[in-house]
1. Just one of (1) within 15 Å of I124 (Cα to Cα); (2) touching a residue at least 24 places away in the same chain (Cβ under 8 Å); (3) surrounded by fewer than 21 Cβ atoms within 10 Å (Cβ to Cβ); (4) not polar (S, T, N, Q) trips up V40, so point out which.
2. Would you mention how many residues in the stretch 350-378 are farther than 17 Å from Q326 by Cα, of a type outside the set (G, A, S) and open to solvent by 50 Å² or more (accessible area, probe 1.4 Å)?
3. What's the total number of residues in the stretch 195-211 that are touching a strand residue (DSSP E or B) at 6+ places or on another chain (Cβ under 6 Å) and touching a residue at least 60 places away in the same chain (Cβ under 8 Å)?
4. Since R113 meets every condition but one in (1) assigned to a loop (DSSP other than H, G, I, E, B); (2) within 15 Å of G66 (Cα to Cα), which condition does it not meet?
5. Just one of the numbered conditions (1) in a loop (DSSP other than H, G, I, E, B); (2) within 19 Å of the chain's Cα centre (by Cα) is not true of G97; which one?
6. Which members of the stretch 100-110 meet the condition of being open to solvent by 10 Å² or more (accessible area, probe 1.4 Å), of a type in the set (S, T, N, Q) and part of a helix (DSSP H, G or I)?
7. Those residues that are open to solvent by less than 10 Å² (accessible area, probe 1.4 Å) and under 27 Å from A165 (Cα atoms), I need them from the stretch 68-90; list them, please.
Amino acid sequence: MQLTFDSDVEEFRAEFIAFLDANLPGEDVAVERSASSADVPEWARQWQRLMFDSGWLLPANPPEFGGRNATLIQQYVHLEELSKRRIYHSFNPQGLGIIAASLLSFGTEEQKRRWAVPILRAEITAALGMSEPGAGSDLAGLRTRAIREGDEFVVDGQKVWTSGAHDADVLLTFVRTDPTAPKHKGISVLLIPTDSPGVTRRPFPSVCSPDDLDFNEVYFEGVRVPAENLIGEVNGGWSVANGSLGHERTLLWLSFADRLEDLLGDFRPHSAQDHDAFAKLIMDNQALRLLGSAALAREARNEQDVPALSILKVLGSEAIQTASEQALYSVGLEGLAHPTLSSPPSRMSLDHFSSGWFERYMRSFAGTIAGGTSEIQRTIIAERVLGLPRA
């Protein structure tokens, strides 16, 4: 399959390329590195602000929210050009792709001005408070409770795996406001400033390194949150959650394709087994791009097929994991060296994309968990794509 584009799309691409060529920060500027998914270095804040003010941050948005009302195909071209230059879209990815997007979809005009715009302009950063101990990926099983008292909610409970919380200014937090309602119907969403009394954030390391501090435990003890910080309707949090996790889902496969492309450039096969694995990597990459392009074309024709996107999620995330594992085995004991590099780093991207093979393999598991585990995706494929009966 060969994607071709109309002249207006190519004009859009050319304008964006000209913007990048004229404004990309130089190596002497992009020196400070991000320490977590809510830690945005000052140079990256200025770059994101320039992207917003120029309408190139999220092109599908209207101009007042950092875009230019771009079509889906134009969005694809925008991400494609970022990928070619190994430019990470935002060093606060959840803030940009989930939290600000949720505020724009479900927030009031005041909330959009007060919270969404500062997040988009990297004036503040945000983290997502969903997962809880014992609930895993079952959002409906959350137990953090918020009780209305006058013009405030009082929040008590705990979150875990909250990426970047220790560096974030605000948390988009899912809470239970009606414990008597069915699990999916008693959930609400509050935007909680992290400096609120009673909020405690405890970062803990990943398996990659004791210094890799992104995950957090977050405790809420009698935290008072103004009722005006309620996002959407009371007990309407399930709709917000589905919207939050659905943002950019159509183009999510592109991020997996980017990582596969990186692997193709960095993996150096030696043995016959390595060459077989490398050939599989090439085929997986092509299959993902073909299926993704077909999904993109359907979406552009308003022929939505949301369940089929699970196929792209499983294929992309697991292809990265398989190829990373084979690359690690191919290098042998040297692949366990840490910290080290497996490819030249890019100043505009995350450092761990070029880290050693052990770290790249361990980080590949996040793709098969975040946004819906492979097991959940396979259930969706079985029931809603193949039409198989529930067990």
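1. (3)
2. Qualifying residue count for the region: 6.
3. Restricting attention to the stretch 195-211, the residues satisfying the condition of being touching a strand residue (DSSP E or B) at 6+ places or on another chain (Cβ under 6 Å) are 196, 198-206.
Remaining after also requiring touching a residue at least 60 places away in the same chain (Cβ under 8 Å): 203, 206.
So the answer is 2.
4. Every condition holds for R113 apart from (1).
5. (1)
6. Correct list: S105 only.
7. Answer for the stretch 68-90, where residues must be open to solvent by less than 10 Å² (accessible area, probe 1.4 Å) and under 27 Å from A165 (Cα atoms): L82, S90.
To keep it simple, each residue is scored yes or no on (1) open to solvent by less than 10 Å² (accessible area, probe 1.4 Å); (2) closer than 29 Å to A122 by Cβ; (3) out of contact with any Asp or Glu (no Cβ under 9 Å at 6 or more places or on another chain).
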{"residue": "G134", "(1), (2), (3)": "no, no, yes"}
{"residue": "G141", "(1), (2), (3)": "no, no, no"}
{"residue": "T144", "(1), (2), (3)": "yes, yes, no"}
{"residue": "E149", "(1), (2), (3)": "no, no, yes"}
{"residue": "K159", "(1), (2), (3)": "yes, yes, no"}
{"residue": "T180", "(1), (2), (3)": "no, no, yes"}
{"residue": "V189", "(1), (2), (3)": "yes, yes, yes"}
{"residue": "R201", "(1), (2), (3)": "no, yes, no"}
{"residue": "S206", "(1), (2), (3)": "no, yes, no"}
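The values are calculated or read from the model by the stated rules, or taken from the named source; none is laboratory data. Here the structure is a predicted model, which means the values were calculated and not measured. Glycine gets a Cβ as well: all are built from the backbone with ideal geometry, and neighbour counts include every protein chain shown. Protein only, heavy atoms only, side chains kept; ligands, DNA and RNA dropped before computing areas. Shrake-Rupley method; radii C 1.70, N 1.55, O 1.52, S 1.80 Å.
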